[in-house]
Amino acid sequence: MKEKTISQLSIGLAAKEFSSKELTQMFLERIKKFNPLLNAFITVTNDVALVQAQAADRRRQQGLAGPLTGIPIAQKDIFCTNGVRTSCGSRMLDCFIAPYNATVVEKLNAVGMVMLGKTNMDEFAMGSSNENSFYGPVKNPWDLDTVPGGSSGGSAAAVAAWLAPAATATDTGGSIRQPAALCGLTGIKPTYGLVSRWGMIAYASSLDQGGPLAHTAEDCAFLLSAMAGFDPRDSTSIDRPIPDYVNTIKQPLEGLRIGLPKEYFSDGLDNAVAHTVEIAIDQYQKLGARIREISLPNSHLAIPAYYVIAPAECSSNLARFDGVRYGHRCNSPKDLLDLYTRSRTQGFGDEVKRRILVGTFALSAGYYDAYYLKAQQIRRLISDDFQRAFEYIDVIAGPTSPTVAFNLGERVDDPIKMYLSDMYTIAVNLAGLPGLSLPVGFVGKHPVGLQLIGNYFTEGRLLNVAHRYQQVTDWHARVPNEFT
Amino acid sequence: MSLEPIEIRKIAYLSRLDILDQDIPTYSRNLADILTLVEQMNDVDTTGVVPMAHPLDMPQRLRADEIGEISELINREYLQAIAPQVESGLYLVPKVIDY
């Protein structure tokens, strides 16, 4: 049962080689054994998991099982889970028991998936190393001295160490793709609006998007087919039919036009990472793809624009945490201002406070045009760059992150250096495009990710392009030594 | 761009956050670094560029503004069970109006 992908586990369950209960117990035991080493889970939901597993087994007996029925999954602790603590990695929500399920959770429950627990993350999804969690840092299963990436670091570490076959994640500036790259996984951030944000705790609402983290593109295809879809409760949800992404995954790549942005292979990119990515590109050429250089001339402005838009939206979204309706409340407030100020000061960590302050400044009187409006104009330029490129190429490829996993503590005192970890992923969120990261090799013992970017609603094509590569390579099937 | 302590205090007040005196220099430096990074945007002339608020330029769907309960189970009492302080169906806060 161990080290099997979702599609393999699905076959095993259908053939009655093992039950969902047995499968779930195996993962719960692995979590018990290895989580103290990794800190990937904030909450383990043993009881919920076993009840759901038994229900899935009954469903199978009744002949009502689908491909995901009975398959365990870890939920990022940003998704509200009814009756289960949903902390978002923050002291603010340390005692918050969500009173309802996020749409993503509902959808995965509906197909019979089994929740193993809630994974660790950077507080309110703000971070690139998972070191901003109230519950402590997560370690990278490939090298315990390094970070797993962030903000979905717990989800990535759990899947990489086979404590779960897959996990949910969210991506505002790279939080699915960068941890996928640093932990040797496949993860996809869909087109903005494809996956419902309802019940997914908001960070920057015009950028946030949920998606799956798994070992293979095929597993991501199964999961995304179940997670995506119109939701009237999310005002930015897109009303269009969701294809079964598994159906198109095997298409040949002959004639596929891949563009390599020259800006993604210049200063700041680690040489060994560049070399590994180039070998992957060669492999695509062997698979029939045509490669050409392209230019995304405003790429260097993605991080500056992001660090206005994301903090501005976060300062607004996080205003809801006031110590009144839910979340942390300070002791004996002397007046309303004191209640707000002390509850928030005690409840939020350093990086969250930093971003709230930056956002408040950018939106304050006299600065709005110079910062927020300007950033939204830059956002348009970045988006236009992509659209020009997609006139003559199908998919953009490049490194997911400029380096492999860095050491714990290495960047915590330098926010700017931390932000640069997302230099290739952020533009995709600004433009609202789908982006995928897949493992394409190692530098030493550290995995390297290749990022694929497609035009709007081309998730099927991205998963297909990743799947074909995974048919001729085995990077996605490697297991970190200590977790076999 | 650098920020004076008085400006940091003003932003902190607007954010409803308390910053200790000893932490002001660190915040001041961090925020100045971030603003310097952000100000690279000024190298580009964006005259006439339409700001992009939504990646797909879609209008936001609106719903009817109706008061109601989601279901018999998800009612006021259920949703207030997670509140720090509630009395008679109301959220309790320190006294707001003096009289």
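Inside segment A:366-439, counting only helices (runs of 4 or more DSSP H) that do not spill past its ends, which hold 3 or more residues that are farther than 28 Å from residue A:279 by Cα?
Of the helices (runs of 4 or more DSSP H) lying wholly inside segment A:366-439, those with at least 3 residues that are farther than 28 Å from residue A:279 by Cα span A:374-389.
Every residue in segment A:9-27 that is among the polar types (S, T, N, Q) and surrounded by fewer than 24 Cβ atoms within 10 Å (Cβ to Cβ), please.
Let us first name the residues in segment A:9-27 that are among the polar types (S, T, N, Q), namely A:10, A:19-20, A:24-25.
Within segment A:9-27, A:10, A:19, A:25 qualify.
Could you please let me know if residue A:107 is surrounded by fewer than 23 Cβ atoms within 10 Å (Cβ to Cβ), in contact (Cβ under 8 Å) with a residue 24 or more places away in the chain, under 21 Å from the mean Cα position of the chain (by Cα) and in a helix (DSSP H, G or I)?
Working: surrounded by fewer than 23 Cβ atoms within 10 Å (Cβ to Cβ): yes; in contact (Cβ under 8 Å) with a residue 24 or more places away in the chain: yes; under 21 Å from the mean Cα position of the chain (by Cα): yes; in a helix (DSSP H, G or I): yes.
In short, yes.
Need pairs with beta-carbon distance below 7 Å; first residue without any contact (Cβ under 8 Å) to a residue 40 or more places away in the chain and within segment A:20-31, second part of a helix (DSSP H, G or I) and aliphatic (A, V, I, L, M); sequence gap 6+ or separate chains.
Qualifying pairs under 7 Å: A:21/A:50; A:21/A:53.
What pairs come out if I take residues in segment A:425-448 that are of a type in the set (Ser, Thr, Tyr) and pair them with residues that are part of a loop (DSSP other than H, G, I, E, B) whose C-beta lies under 6 Å away, six or more apart or interchain?
Pairs that qualify, where the first residue is of a type in the set (Ser, Thr, Tyr) and the partner is part of a loop (DSSP other than H, G, I, E, B), are A:425/A:174; A:437/A:400.
So which pairs qualify, if the first residue must be in segment B:66-78 and under 18 Å from residue B:88 (Cβ atoms) and within 11 Å of another protein chain (Cβ to nearest Cβ), the second must be modelled with pLDDT under 80 and surrounded by 11 or more Cβ atoms within 10 Å (Cβ to Cβ), the Cβ gap must be under 6 Å, and the two must be at least 6 apart or on different chains?
As it stands, the answer is B:75/B:69, since those pairs meet every condition given.
Would you be able to say whether some residue in segment A:309-329 is under 16 Å from residue A:378 (Cα atoms), in contact with a Pro (Cβ under 7 Å, 6 or more places away or on another chain) and either surrounded by fewer than 21 Cβ atoms within 10 Å (Cβ to Cβ) or not charged (D, E, K, R) (or both)?
No.
For segment A:298-323, give me each residue that is assigned to a helix (DSSP H, G or I) and either among the acidic types (Asp, Glu) or under 18 Å from residue A:417 (Cβ atoms) (or both).
A:300, A:302, A:303, A:304, A:306, A:307, A:310, A:311, A:313
Scan segment A:302-338 residue by residue and report those that are more than 8 Å from chain B (Cβ to nearest Cβ), in contact with a Ser or Thr (Cβ under 6 Å, 6 or more places away or on another chain) and over 15 Å from residue A:124 (Cβ atoms).
Passing the criteria: only A:330.
Checking residue A:241 against (1) within 11 Å of chain B (Cβ to nearest Cβ); (2) surrounded by fewer than 24 Cβ atoms within 10 Å (Cβ to Cβ), which single condition isn't satisfied?
Among (1) within 11 Å of chain B (Cβ to nearest Cβ); (2) surrounded by fewer than 24 Cβ atoms within 10 Å (Cβ to Cβ), residue A:241 violates only (1).
If you check B:59, B:51, which single one turns out to be within 23 Å of the chain's Cα centre (by Cα), without any contact (Cβ under 8 Å) to a residue 12 or more places away in the chain, more than 8 Å from every other protein chain (Cβ to nearest Cβ) and closer than 17 Å to residue A:380 by Cα?
Just a single option satisfies the conditions, and that option is B:59.
The values are calculated or read from the model by the stated rules, or taken from the named source; none is laboratory data. Computed from a predicted structure; not experimentally measured. Please note: Cβ atoms are built from the backbone with ideal geometry, for glycine as well, and neighbour counts cover all protein chains shown.
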